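Below is one structure, written out as structure tokens, with a few remarks after it.
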Amino acid sequence: MLFYFLRSKKLQFFSWLERFTGSSNWKIKITLLSIVLSLFFAFPSYQTYRAGKFDDKWDAVTTQISAPFQQRDYSAQSHFSKLAFRLTVPVIANVLHLQRLGCFVIDYLFFILMFYLLLLLSFQITQDRIAATLITFGFAFMFVGNVLVSDVRALFDCAAFALMLLVMVNRNFFLIILFALLAFFTDERALITSSLIALWFMVRDSKEQLTLKFNSSFIALVCSWIFYFILRYLLGFYFGLKTESGWTMDFAKQLDCLFFGLWTGLEGFWIPVVVALILLCLKRNFILLSGIIASMLVVLAVAFAVIDITRSIAYIFPVIFISLHIIQKTESLHFVRNIALLTFIVCLFPTYYTDGGGTLWFFYPLPMRIIGIFAH
């Protein structure tokens, strides 16, 4: 009896989604609704920002905006020592003569673009409005879609995520290079994760066989890697820019954060990832399977060597779209929709942020932020 009740509710929900996405402007509607959901259930703590808690981080970024190519001396163990080559947002702000408020505007513009690209890429893969909508709604309830809460600390992960998505949706050789370089110079985690984007390029045009093929998009990404290291060398040679090599935490000290840290990186989106890996095993496609696992392990190793565990793991989100592609090519539309629905439901679990100090941060929804303002 319970099974038939749940099935009927699922069919009613799918019917509503079909009507809601039936118009020609459905992508705009879903993008805006996803943004509203994200901000309602995980709203940035601007009162904490105004209280000056993040002033040291914003002061470092403001100083970098004033002279982006000037080297500054920070402690090797500090976050600020890693900023030298994270130039994308500071250079944009410098060119446009923006300060803190302008950086927040840039972040929100990237935030809007990010959700549109998440929907666009999901639809390109699934070719189904219902599945694409559920996937996008899922992102609205996990760290990638709630990244503005973290970015209030002047981290600009939102820009990095949006630029990575611009790389993934593109087929233009030169735009791939441009957007990839901008992503790499936003945060080095984008460079580390780009191995997954390389796999995406090699597999996105494949049929049911899911064979890896070298193509112009892959070559463009390889060129972006080469150009990045050349530019990084030149910036170091002519301007003296450098980053300190010291880790902020030891891996052994963070083992108690292992499982919850893994969970908070992707939350419900581990479901399509695990399903896709199982399907690759069943199809004995060990080349693609090994490539995905190896790329993920590199990112996970880096994530547990630094303090910001959740945000570092979240950078592997391109594997979600590789996984959706695998599922879409091997299973029925009914199965794809069910996976998307299950992912969305699991993502409704509140967003938490794990750092290497063993601290868990709960991303408060907007009503709790408002209550907090009056409570203080």
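The values are calculated or read from the model by the stated rules, or taken from the named source; none is laboratory data. Predicted, not measured: the structure shown is a model, and the values here were computed from it. Counting neighbours? That spans all protein chains shown, and the Cβs are built from the backbone with ideal geometry, glycine included. Heavy atoms of the whole protein, side chains included, go into the accessibility calculation; ligands, DNA and RNA do not. Shrake-Rupley method; radii C 1.70, N 1.55, O 1.52, S 1.80 Å.
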**Request:** Give region 178-196 a look and list any residue that's in contact (Cβ under 8 Å) with a residue 60 or more places away in the chain, in contact with a Phe, Trp or Tyr (Cβ under 8 Å, 6 or more places away or on another chain) and of a type outside the set (Ser, Thr, Tyr), or say none.
**Result:** Phe185, Asp187, Glu188, Arg189, Ala190, Ile192
**Asked** Going by the conditions given, is Thr330 touching a residue at least 60 places away in the same chain (Cβ under 8 Å) and open to solvent by less than 20 Å² (accessible area, probe 1.4 Å)?
**Response** no
**Asked** Only one of these conditions is not met by Phe304: (1) of a type in the set (Phe, Trp, Tyr); (2) farther than 19 Å from Gly145 by Cβ; (3) modelled with pLDDT of 95 or more. Which number is it?
**Response** (3)
**Prompt:** Does Ser323 satisfy being more than 18 Å from Leu262 (Cβ to Cβ) and either open to solvent by less than 50 Å² (accessible area, probe 1.4 Å) or without any contact (Cβ under 8 Å) to a residue 12 or more places away in the chain (or both)?
**Reply:** no
**Asked** If you check Thr48 against the conditions, is it open to solvent by less than 60 Å² (accessible area, probe 1.4 Å), within 23 Å of Val336 (Cα to Cα), among the polar types (S, T, N, Q) and under 25 Å from the mean Cα position of the chain (by Cα)?
**Response** no
**Qualifying positions in region 30-86 - of a type in the set (Phe, Trp, Tyr), farther than 22 Å from Met142 by Cβ and outside any helix (DSSP H, G or I)** = Phe54, Phe69, Tyr74, Phe85
**Message:** I'm trying to understand the selection: among the residues of region 305-320, which are over 24 Å from Val169 (Cα atoms) and open to solvent by less than 10 Å² (accessible area, probe 1.4 Å)?
**Reply:** Ile309, Thr310
**Fill in**
Reported set for region 337-366 where residues are assigned to a helix (DSSP H, G or I) and either closer than 15 Å to Ile307 by Cα or touching a residue at least 40 places away in the same chain (Cβ under 8 Å) (or both) is Arg337, Ile339, Ala340, Leu341, Leu342, Thr343, Phe344, Ile345, Val346, Cys347, Leu366
**Complete:** The number of residues in region 1-29 that are open to solvent by 60 Å² or more (accessible area, probe 1.4 Å), under 22 Å from Leu117 (Cβ atoms) and in a helix (DSSP H, G or I) is 2
